[in-house]
Amino acid sequence: MTLARARTEPPDPGARGPAADPPARSAVAALAPRAAWSAAALLVVLLALVSARLPWVGDLGMHAATLERLRHDLLHPGNPLVAEDTPSPYYSPWTVLLAAGAELGGLSTFGALRVAAAVGLGTLLSGVWRFARVLTDRIAAVPVAVLCLTLLWGTEVFAWSGFTGLGSLALTVSYPSTLALGLAFHLWAWLWRALARRASWPVFLWLGLLVGTIALVHQFTGVVAGIGALAVVLGARPRPDRAVGVRLLGGGLLGAALVVAWPYYDVLTLLGTSGLDAIHRSLYGDLVARFGLAALGVLALAARWGRDRRDPLVLFFALGLLVVVLGGVSGHHAWGRALPAVLIPAQLAAAVEVFGAGRRSWRRGYAVALVVALGFGAWAQSGTLGYVVPPERLPAAVAAKAREPWHGYRWITPWVRYGDVVMARTYPARQIPAHGPYTVAPGYPDVLLPDAAQRGAAVERYYAPGTGPGERARILADYRVRWVLGGPRWPADGLREAAVGPGGERLYRVGP
């Protein structure tokens, strides 16, 4: 349903007006929007508390390390994880701006990440609000949209950047992907209105710059934003005429020029790599458990398609599904990161359908089914409470779903200086660069680091029981290692113990 239709379509002739409703039903109808606003507000409060706590699980160390390098050298930061002068797609306009602001404002790196979380969450919520308002004139659809985007997922928690599930946002709210996703919602709302009003050149040029910025801030969300924008254009009423088409093309070219001109990394090189497919193969597993509840949104999309064969949400879903399916069939599993282009339109359709066209009995039945599905989704993701409430204060069933955040490696910073190289396995290597040092091998996949595989093999050899002292010494010398992390029984050949951390983990100094 387009915006124009949503506001001009006559009411269902079989529906009774508010005055004809029995008092009990009128009371329920009045309470439903309040319940939706209250539930959505609770989720927002939870995410705000998570933003303040900033739980460390996943890729937080990568983004902290990125800010550390930019704060040290804004123009030539080098690789964020290892001591090499290589580009990185994590150096985006947002991270550059955030690092510069942190330096000027005297914020710590993790303080800057809390600011990023607040800005990202605010951008996402305002973007959802604006896009929901172009889909329907019913303001009560806004909190329902928030609930559907965060809870209408599956019975198994799925956490990945660029996805709007509550469990994902709790971990990624400070990541650039959250800001990019919020900007994408704003883009779709702006584009929808620009097409309807046949906006002038400056508007479409601004939209082109916005598309390019989203693509630079988070490349996968840039793909999702592009798919959604194409769906809005294809479903626009009236169809764009030649003049509007030229403005669209001009805006798109300006956005592409911004992406190509970005000096911190070459996006064409990034697109040409195949190293991302193995990482994303898991996206194609357990689809029903992860996303099954969103099937209710597919039902809403089918109803919308029956009313309008050019419905933008339906086109958005179809284009996203096409990309994801082609990725699975061709083995390009990185294309699975387009899954939000499948889920978002389904979730939004579910939210809007409660207020849409059709018989009142259909809307009421659908609303009941949606409430039940949201209840299952909330229970599945209830472990998110563990990020802000101590597990011992939670019910046992909820505490069992919670994930314990990492503790970080700040304990090594009294000895290890900025830029020192530390020999460490993958788990600590995901956290150590967040405090300034480097590691021998990156703790996260780095497709732009030419010798990433050799570095990983060197770490494996170093910690292998059969490796002799001479080979270990050569590895330390090759990578200019000054510190080694080992367990309580680590044979410290030629090393001197400097500190003991949590769990008995030891920090060794290399050389005098």
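The values are calculated or read from the model by the stated rules, or taken from the named source; none is laboratory data. Everything quoted here is computed from the prediction, not taken from an experiment. Please note: Cβ atoms are built from the backbone with ideal geometry, for glycine as well, and neighbour counts cover all protein chains shown. Side chains included, ligands, DNA and RNA excluded: accessible areas come from the protein's heavy atoms. Shrake-Rupley method; radii C 1.70, N 1.55, O 1.52, S 1.80 Å.
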Practice item. Pick out the long, greasy-scoring helices in the chain: whole DSSP H runs spanning 20 Å or more along their own axis by Cα, mean Kyte-Doolittle at least 1.0. Key: 23-53, 109-135, 201-217, 219-234, 242-261, 312-330
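On full extension of the chain, what length is gained from GLU471 through ILE279, given 0.36 nm per residue of separation minus the C-alpha to C-alpha distance?
Numbers: separation 192, 0.36 × 192 = 69.12 nm, distance 3.06 nm.
Gain in length upon complete extension: 66.1 nm.
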**Study point:** Charged-residue dipole, Cβ positions (Lys, Arg, Asp, Glu), the chain about Cα centre, Debye nearest 20
**Key:** 1500 debye
Practice item. Towards the positive end of the charge dipole of the chain, with charges on Cβ (+1 Lys, Arg; -1 Asp, Glu), say which of VAL372, ALA397, LEU254 has the farthest Cα. Key: VAL372
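Relative contact order of segment 311-354: what whole-number percent is it, with Cα pairs under 8 angstrom and at least 6 residues apart?
Computed over segment 311-354, the figure is 43 percent.
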Practice item. With N set to the residue count of segment 336-468, report its C-alpha Rg divided by 2.2 N^0.38 Å to two decimal places. Key: 1.69
**Study point:** Percent carbon-and-sulfur accessible area, the chain, ignoring ligands, DNA and RNA, probe 1.4 Å
**Key:** 65 percent
Revision key, fill the gap. Of 52-64, 422-434, 159-171, ordering from highest average Cβ density within 10 Å down gives 159-171, 422-434, 52-64
Point to revise | Zone of ASP85's modelled label, taken as backbone nitrogen in segment 241-266 under 18 Å from a point 7 Å along Cα→Cβ | key: 263-266
Exercise for review: State in Å² the accessible area per residue of the chain; use a 1.4 Å probe, count heavy atoms of protein chains only, and round to the nearest integer.
Suggested key: 44 Å²
Check your understanding: Roughly what % of DSSP beta bridges within the chain run antiparallel, to the nearest 5?
Key -> 70 percent
**Study point:** Mean Cβ neighbour count within 10 Å, used as a protection proxy, ranking 199-211, 465-477 highest first
**Key:** 199-211, 465-477
Practice item. Provide Rg and Dmax in Å for segment 229-330, with only Cα atoms included in the calculation. Key: 17.9, 47
Practice item. Based on the mean of other Cβ atoms within 10 Å per residue, sort peptides 322-334, 439-451 so the most packed one is first. Key: 439-451, 322-334
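What is the sum of charges around LEU107, taking Lys and Arg as +1, Asp and Glu as -1, for the other residues whose C-beta is under 15 Å from the C-beta of LEU107? Each step should come with its number before you reach the end.
Details: positive: ARG71, ARG114; negative: GLU68, GLU103.
Taking every Cβ under 15 Å from that of LEU107, the sum is 0.
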Exercise for review: Using only Cα atoms, locate the centre of segment 239-275 and the centre of segment 493-510, then give the distance between them in Å, rounded to an integer.
Suggested key: 50 Å
